[in-house]
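Remarks on the structure that follows.
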Amino acid sequence: MNKASTLFILLGLFLAGGVYSFVKQKQSRSLIALLAIGSLMSLAAGLLQL
């Protein structure tokens with residue numbers, strides 16, 4: 001497990017926490033969708049580098 005994959009996974013988890021927070025705050029759906037897509041892409045990049 002190298003540094004890049006670890007950073008991508010941590011970034012994805014951080015963004016997923018942001019998605020959860022924004023849903024609880026009832027932010028706009030487009031903002032939540034954009035953040036969720038970024039989170040999924042970051043997690044996927046980290047997992048594919050393993």
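Any idea which of (1) open to solvent by less than 90 Å² (accessible area, probe 1.4 Å); (2) outside any loop (DSSP other than H, G, I, E, B); (3) out of contact with any helix residue (DSSP H, G or I) (no Cβ under 8 Å at 6 or more places or on another chain) is the one Q27 doesn't satisfy?
Here Q27 clears every test but (2).
Of A4, A45, which residue is open to solvent by less than 50 Å² (accessible area, probe 1.4 Å), touching a residue at least 12 places away in the same chain (Cβ under 8 Å) and over 12 Å from the mean Cα position of the chain (by Cα)?
The match here is A4.
The values are calculated or read from the model by the stated rules, or taken from the named source; none is laboratory data. Source: prediction; values computed, not measured. No Cβ is skipped: glycine too gets one built from the backbone with ideal geometry, and neighbour counts run over all protein chains shown. Surface accessibility is based on the protein's heavy atoms, side chains included, excluding ligands, DNA and RNA. Shrake-Rupley method; radii C 1.70, N 1.55, O 1.52, S 1.80 Å.
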